Ligand SMILES: [Zn+2]
Ligand SMILES: [Zn+2]
């Protein structure tokens, strides 16, 4: 899988069967519908919703990491289904006669989880048949406040030094710098296209990983919406809205072969969008 706007993204996603969006550099993945060796190396899994094709392999992930004496994994799950998630893991402990050690964090829109210093994970609401949330990865950068921008470097260094002495390091940098945030990557999970309205920041994410389950009239738009999914017609109708450097489309129905997906996107997407769109066709018949 290529780098999209400098971010390495891999994984597999086929509607109803399996989804795992892998971010090797961040050592994390979104969803785990099926057991993959590559996912074992990820200590952080962020789940969008509890459909089987997105969560089915969590027990395997947990128990195999424990068997291999790997560090305890962390699972992020939505508040709406955390009780059932815990009950499921509890049942598996009884069935498997094992501890299944894991750290479970319930999280939802309006909350955040720090990935690294200045790299934050924030859920947003998606619109599906089951309670679903996408995740945005936000990068925080610090810039000089406008009033200091014109100062020569030496003066800034001296100012920083004296502020540090009088205020301490933390308040000194607060005085000099202001924080800016950029949405580096967003993954929608399963959703209707309405997620672009409820989370308009997605249109400006550097990389948008969005589901697009249906590509032509074999499943009409209305049917796609009933099932809580995106249809390519809806992306085409809103093509102007996508300001992303790159879009990775995922979760195509298994009725489409990879060649068919490439052909339909090539033929149907408007020029300005087509060059920025990559389909995730891993693990699919040709
Ligand atoms: Zn799905
Ligand atoms: Zn689903």
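Data overview
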quantity	calculated
Test: residue 226 is over 22 Å from residue 206 (Cα atoms), modelled with pLDDT of 95 or more and either exposed (fewer than 15 other Cβ atoms within 10 Å of the Cβ) or out of contact with any strand residue (DSSP E or B) (no Cβ under 8 Å at 6 or more places or on another chain) (or both)	yes
From 131, 200, residue being surrounded by fewer than 19 Cβ atoms within 10 Å (Cβ to Cβ), more than 15 Å from residue 247 (Cβ to Cβ) and within 16 Å of ligand 1 (Cβ to nearest atom)	131
Lone qualifier among 78, 59 - being crowded, with 17+ Cβ neighbours inside 10 Å, away from ligand 1 (no atom under 15 Å from the Cβ) and more than 26 Å from residue 285 (Cα to Cα)	59
Qualifying residue in the range 82-94 (condition: crowded, with 16+ Cβ neighbours inside 10 Å, more than 16 Å from ligand 1 (Cβ to nearest atom) and closer than 29 Å to residue 206 by Cβ)	no
Filter pass, residue 99 being loosely packed, with under 13 Cβ neighbours inside 10 Å and either modelled with pLDDT of 95 or more or within 16 Å of ligand 1 (Cβ to nearest atom) (or both)	yes
Breaking point among (1) touching a helix residue (DSSP H, G or I) at 6+ places or on another chain (Cβ under 6 Å); (2) within 20 Å of residue 5 (Cα to Cα), for residue 193	(2)
Criterion violated by residue 245 - all others in (1) surrounded by fewer than 18 Cβ atoms within 10 Å (Cβ to Cβ); (2) within 16 Å of ligand 1 (Cβ to nearest atom) satisfied	(2)
Selection from the range 1-26 of residues that are within 13 Å of the chain's Cα centre (by Cα) and more than 22 Å from residue 257 (Cβ to Cβ)	7, 8, 22, 23, 24, 26
Selection count where residues are surrounded by fewer than 16 Cβ atoms within 10 Å (Cβ to Cβ), free of Cβ contacts under 8 Å to residues at least 40 places away in the same chain and outside any loop (DSSP other than H, G, I, E, B), scope the range 260-286	7
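The values are calculated or read from the model by the stated rules, or taken from the named source; none is laboratory data. Predicted model, so just to flag it, every value in this text is computed and none were measured. A quick note on method: Cβ atoms are made from the backbone with ideal geometry, for glycine too, and the neighbour counts reach across all protein chains shown.
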